[in-house]
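Only one structure is covered here, and it is reproduced in the block below.
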Amino acid sequence: MPCVFCGTKDNLTDEHVFPAFVGSKLELKQGSCKPHNEHCSRFEGEVANATITARHIFGIPNRDGQIPSAKVTVEIEGMNVDAKLRPDGTVELHDFVQQVKTSDGGKVRHGFFTTNEAAERFVQAGKKRGERMTEVGLPRDLTFQPVSEQRPLFAFTQAARRTAAKIAFVTLAYEYGIDFARHVQFEQLRKYLLGQDEPCPIRIFSNTDFAASQLRTPIQHSVNIHLNTGMHKGWALVTLFGGISYVVELTASYSEAESRSFSLYYDVAEGKVQPITLYSEYELIGRVLSPATSFEDHRKLDEQWFAIIEKYCRERGLDVFRISEQEGD
């Protein structure tokens, strides 16, 4: 079979339907050539880096089965210290130096060090500069309350949009075959994926009916596709982490004799699943492409995603809260 992106039969690799970083093991065998696999990995990598905290909280492993450590902030002796929270719940602290102003206009440097050797180097360097040093020890038993945040703004980037478009495109090939996905009717979407100068065929959205159409969790990803022969158009609804949703225009020149519809649901814990849904793919597309939908609205998207995250976290005893609008939600 040829590469779904360019048609070559050389250096073929397996292509993930959903990216490996979201916990997916579903693959289009020999689906892409190595150069285009690496091309997609670059924009997927941007999204992976932007969702480390979410993937840590939800316990989503990467292709190697590793759950990422999350960047957190812990307060020690009045200092906010950057740290990492490992998947096993332990906190990895780092050496930290902070300069603060005193009430009389002077400056004081506070340091926190994880080893005696690092602390001693800091002390000796300060003494050489003629600084007055005061060593303060910490109690042996410290209780950490690590805090981290995950904002949904990553979902509006071109990298996230291309990731959603790639999921929709590869899902077409997974369901109907590579030759079908390579048809000229999907050429604009393919060119967009390859970084060519094509209009972005993707919009992010929030819709109450769509969100309630099935039980959703942050470890579930889905694609709903409808190709309509009467309208000569095709769309895909792509959802990541249960509530980050995009509508992708697959084609404006659908030329098959019959309409096609199908859905693909992937649960990280269970693998590919087929849940009970309230609407058909055609009905879902109709509801999303309606005045009831909010497009490109980060606050509405935040509301949609947070409701899913909050339920998931509360059930697992995790404290979760929304950042206020004043803090830039």
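I'd like to know if the range 280-288 contains one or more residues that are touching a residue at least 24 places away in the same chain (Cβ under 8 Å), aliphatic (A, V, I, L, M), open to solvent by less than 20 Å² (accessible area, probe 1.4 Å) and farther than 20 Å from Glu175 by Cα. Checking the range 280-288: at least one residue is touching a residue at least 24 places away in the same chain (Cβ under 8 Å), aliphatic (A, V, I, L, M), open to solvent by less than 20 Å² (accessible area, probe 1.4 Å) and farther than 20 Å from Glu175 by Cα.
Could you tell me which numbered condition Glu303 fails, if it satisfies all but one of (1) touching a residue at least 40 places away in the same chain (Cβ under 8 Å); (2) within 17 Å of the chain's Cα centre (by Cα); (3) open to solvent by less than 60 Å² (accessible area, probe 1.4 Å)? Tallying (1) touching a residue at least 40 places away in the same chain (Cβ under 8 Å); (2) within 17 Å of the chain's Cα centre (by Cα); (3) open to solvent by less than 60 Å² (accessible area, probe 1.4 Å), Glu303 fails exactly one: (3).
Listed by position, the strands (runs of 3 or more DSSP E) contained in the range 214-301 that have at least 1 residues being among the polar types (S, T, N, Q) are 220-228, 233-240, 244-251, 260-267.
Quick grid of which residues meet (1) without any contact (Cβ under 8 Å) to a residue 24 or more places away in the chain; (2) of a type in the set (Gly, Ala, Ser); (3) part of a loop (DSSP other than H, G, I, E, B):
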| site | (1), (2), (3) |
| --- | --- |
| Thr13 | no, no, no |
| Phe43 | no, no, no |
| Pro61 | no, no, yes |
| Pro68 | yes, no, yes |
| Glu75 | no, no, no |
| Asn80 | yes, no, no |
| Ser103 | yes, yes, yes |
| Val108 | yes, no, no |
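A residue that is within 13 Å of Phe210 (Cβ to Cβ), open to solvent by 70 Å² or more (accessible area, probe 1.4 Å) and out of contact with any strand residue (DSSP E or B) (no Cβ under 9 Å at 6 or more places or on another chain) cannot be found anywhere in the range 244-259. Going through (1) open to solvent by 20 Å² or more (accessible area, probe 1.4 Å); (2) on the phi < 0 side of the Ramachandran plot one by one, Gly177 falls short only on (2).
If you go through the range 87-99 one residue at a time, do you hit one that is without any contact (Cβ under 8 Å) to a residue 24 or more places away in the chain, exposed (fewer than 15 other Cβ atoms within 10 Å of the Cβ), within 17 Å of Thr134 (Cβ to Cβ) and not hydroxyl-bearing (Ser, Thr, Tyr)? There is at least one residue in the range 87-99 that is without any contact (Cβ under 8 Å) to a residue 24 or more places away in the chain, exposed (fewer than 15 other Cβ atoms within 10 Å of the Cβ), within 17 Å of Thr134 (Cβ to Cβ) and not hydroxyl-bearing (Ser, Thr, Tyr). When residues in the range 1-25 are screened for being surrounded by fewer than 18 Cβ atoms within 10 Å (Cβ to Cβ), modelled with pLDDT under 95 and either closer than 17 Å to Asp64 by Cα or among the β-branched types (Val, Ile, Thr) (or both), 2 of them pass. For the range 183-204, what are the residues that are within 12 Å of Cys6 (Cα to Cα) and surrounded by 21 or more Cβ atoms within 10 Å (Cβ to Cβ)? Residue satisfying the conditions is Leu193 alone.
Before we move on, is Thr293 in contact with a Ser or Thr (Cβ under 6 Å, 6 or more places away or on another chain) and β-branched (Val, Ile, Thr)? No, not satisfied. Consider only pairs whose beta carbons are under 6 Å apart and that are at least six residues apart or on different chains; among these, list those whose first residue lies in the range 115-135 and is in contact (Cβ under 8 Å) with a residue 12 or more places away in the chain and whose second residue is open to solvent by 60 Å² or more (accessible area, probe 1.4 Å). Cβ pairs passing all conditions: Ala118/Asp95. Regarding the range 313-323, can at least one residue be identified that is over 15 Å from Leu153 (Cα atoms), in contact with a helix residue (DSSP H, G or I) (Cβ under 6 Å, 6 or more places away or on another chain) and at pLDDT below 95? The answer is yes; a qualifying residue exists.
Looking at the structure I just gave you, is Ser69 within 30 Å of Gly111 (Cα to Cα) and either at pLDDT 95 or above or of a type in the set (Ser, Thr, Tyr) (or both)? Against the criterion (within 30 Å of Gly111 (Cα to Cα) and either at pLDDT 95 or above or of a type in the set (Ser, Thr, Tyr) (or both)), Ser69 qualifies.
Right, Arg55: among the charged types (D, E, K, R) and either in contact with an Asp or Glu (Cβ under 6 Å, 6 or more places away or on another chain) or under 22 Å from Val170 (Cα atoms) (or both) or not? So Arg55 fails the test. Taking the condition open to solvent by 50 Å² or more (accessible area, probe 1.4 Å), polar (S, T, N, Q) and touching a residue at least 12 places away in the same chain (Cβ under 8 Å), does Asn37 pass? It is false that Asn37 is open to solvent by 50 Å² or more (accessible area, probe 1.4 Å), polar (S, T, N, Q) and touching a residue at least 12 places away in the same chain (Cβ under 8 Å). State all residues of the range 100-115 that are within 22 Å of Thr73 (Cα to Cα) and open to solvent by 70 Å² or more (accessible area, probe 1.4 Å); if no residue qualifies, say none. Of everything in the range 100-115, those that are within 22 Å of Thr73 (Cα to Cα) and open to solvent by 70 Å² or more (accessible area, probe 1.4 Å) turn out to be Lys101, Arg109, His110, Thr114. Considering (1) outside any helix (DSSP H, G or I); (2) modelled with pLDDT of 85 or more; (3) surrounded by 15 or more Cβ atoms within 10 Å (Cβ to Cβ), the lone condition that Ala164 does not fulfil carries the number (1).
The values are calculated or read from the model by the stated rules, or taken from the named source; none is laboratory data. Being a predicted model, the structure only gives us computed values, none of them experimental. As a convention, Cβ positions derive from the backbone with ideal geometry for all residues, glycine included, and neighbour counts pool all protein chains shown. SASA here: full protein model, heavy atoms, side chains in, ligands and nucleic acids out. Shrake-Rupley method; radii C 1.70, N 1.55, O 1.52, S 1.80 Å.
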